[in-house]
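Report on one structure; see the data block that follows.
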Amino acid sequence: MRSTEIVDGRLRLVLANTLAAVEDGRSEIMRFLGPLDAMAQNRLEVLFEELVSNTIRHGFAKGSGQSIHVEVERGPGAVTLVFEDDGLPFDPTQAELPEGFTSAETARIGGLGIPLIVKLSSALRYEELSSRNDTGFHPRNRTTVSVAAQSAAAEEDA
């Protein structure tokens, strides 16, 4: 993890181009959000892991200084994560979904991350970016995902 800060009630993370960033970022997000209902927490963790690891594995040059900027906001009834990266452009909303399989012999390994992201998100948006920001970071991709969530205390009261 390169940095973490809270600005205007939002968590901002800058993740390095390593798979260790998945666990570093996940733990910061869960600490920031506090207790959530179990389903929302699981969905957020899976979405975060898939989006970060796919960006590192498929969007970045190995060993590069590229980074992923993540902003986390907890709103009424939902948590929204915004991912920006300077990797290869990739729109998960336009990705071709794999065909189903009928037996273990015909099943493909991999390729299920995008369908999982689509299924677990209550909202999913993508923008290809061309602007620069004032930090010197030049993001090319912005992916926004939302997950319906309530606090764990609210779940117990229901």
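The values are calculated or read from the model by the stated rules, or taken from the named source; none is laboratory data. On a predicted model such as this, the values are computed, not experimentally measured, just so you know. With ideal geometry, Cβ positions are generated from the backbone for all residues, glycine too; neighbour counts draw on all protein chains shown.
Sort through 44, 13 and tell me the only one that's outside any strand (DSSP E or B) and either closer than 17 Å to residue 87 by Cβ or in contact with a strand residue (DSSP E or B) (Cβ under 7 Å, 6 or more places away or on another chain) (or both). I'd like the intermediate steps shown before the answer.
Working: 13 fails: outside any strand (DSSP E or B).
Every option except 44 fails the conditions.
Going residue by residue through region 59-81, is there one that turns out to be of a type in the set (Asp, Glu), within 26 Å of residue 18 (Cβ to Cβ), under 11 Å from the mean Cα position of the chain (by Cα) and modelled with pLDDT of 90 or more?
Yes, region 59-81 has at least one match.
Out of all the residues in region 47-84, which are out of contact with any Asp or Glu (no Cβ under 6 Å at 6 or more places or on another chain), assigned to a loop (DSSP other than H, G, I, E, B) and crowded, with 16+ Cβ neighbours inside 10 Å?
Within region 47-84, 60, 67 meet the criteria.
Consider residue 8 carefully, then state whether it is over 22 Å from residue 115 (Cα atoms), acidic (Asp, Glu) and in contact (Cβ under 8 Å) with a residue 60 or more places away in the chain.
Working: over 22 Å from residue 115 (Cα atoms): yes; acidic (Asp, Glu): yes; in contact (Cβ under 8 Å) with a residue 60 or more places away in the chain: no.
Answer is no for this residue.
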